[in-house]
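Participant: So that we are looking at the same thing, I have put the structure below in structure tokens.
Since every read-out is calculated from the coordinates, none of them should be taken as a lab result. These figures come from a predicted structure and were not determined experimentally. Here the Cβ positions follow ideal geometry from the backbone for every residue, glycine too, while neighbour counts run over all protein chains shown.
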Amino acid sequence: MTLTRNQLITLAACASAAILAGAYIFQALGYPPCKMCWWQRYPHFAAVAIAVPALGTRGRFWPLMGALAALTTSAIGIYHSGVERHWWAGPASCTAAGNGIEGMSLDTLLDPAADAGHVVLCDQIPWRLSDLIPWEALDITMANINAAASLAFALLWLAAARHSRAGR
């Protein structure tokens, strides 16, 4: 079965929307996002928005922009995965090394009435797939899922761009 350009675009945009829905469901279940989790969401929002002009026009520009958005969030997911596993350093503002409280005043931190928010560290893993399925090989995090899935979404966008060039 060969998908048309518009079907590929719709599938890629719906996949980004599903990732966003999953992120918000996790958030509602008590897994607040860290800074890098938020950074991974922004390109998904862009990909969903890019689908509108991509579906309404011909050409490769918009599908290539969708692929760029998907590749961007995949790259952030790969970076975040490495930070979670302590393979490399992450931003000081959201890691244990930076104490995760950069930019907060002492008064804000000590004032119980102030809404300083809950600091979520980027180098901590709050959820793993192995939490659901107790199998060591499933040590997969939300950042890992986003990195791999978004790479697949980029391939959908690139296939749509290829269809655009071929006039299909």
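Participant: Starting with the fewest neighbours, write out GLU84, GLU136 ranked by other beta-carbon atoms found within 10 Å of each beta-carbon.
Facilitator: GLU136, GLU84
Participant: Exposure proxy check: LEU156, LEU132, LEU138 ranked by fewest other beta carbons within 10 Å?
Facilitator: Details: LEU156 25, LEU132 9, LEU138 12.
Ascending Cβ contact count within 10 Å gives the list LEU132, LEU138, LEU156.
Participant: Given C-alpha coordinates of the chain, what is the ratio Rg to Rh with the Kirkwood estimate of Rh? Walk me through the numbers on the way to the answer.
Facilitator: Values: Rg = 18.6 Å, Rh = 17.4 Å.
For the chain, the value is 1.07.
Participant: How charged is the neighbourhood of TRP157? Take every other residue with its Cβ under 11 Å from the Cβ of TRP157, and add Lys/Arg as +1 and Asp/Glu as -1.
Facilitator: Local charge sum for TRP157: +3.
Participant: How large is the charge dipole for the chain, taken about the Cα centre, if only the Cβ atoms of Lys, Arg (+1) and Asp, Glu (-1) carry charge, to the nearest 20 debye?
Facilitator: Here the size comes out at about 1320 debye.
Participant: A further question follows. Please arrange TRP38, TRP62, TRP157 by counting, for each residue, the other beta carbons lying within 10 Å of its beta carbon, fewest first.
Facilitator: In order of increasing Cβ crowding within 10 Å: TRP38, TRP62, TRP157.
Participant: To the nearest 0.05, what FRET efficiency results for TRP88 and LEU55 with a Förster distance of 30 Å applied to their C-beta separation?
Facilitator: 0.20
Participant: Using only alpha carbon pairs under 8 Å that are at least six residues apart, calculate the relative contact order of the stretch 5-166 and give it in whole percent.
Facilitator: Relative contact order of the stretch 5-166: 34 percent.
Participant: Going toward the positive end of the dipole of the stretch 5-166, with +1 on Lys and Arg Cβ and -1 on Asp and Glu Cβ, which of LEU156, PRO33, SER74 do you reach last?
Facilitator: Working it through, the farthest residue towards the positive pole turns out to be LEU156.
Participant: By how many degrees, 0 to 90 and rounded to 10, does the Cα axis of helix 5-28 deviate from the longest principal axis of the chain?
Facilitator: 20
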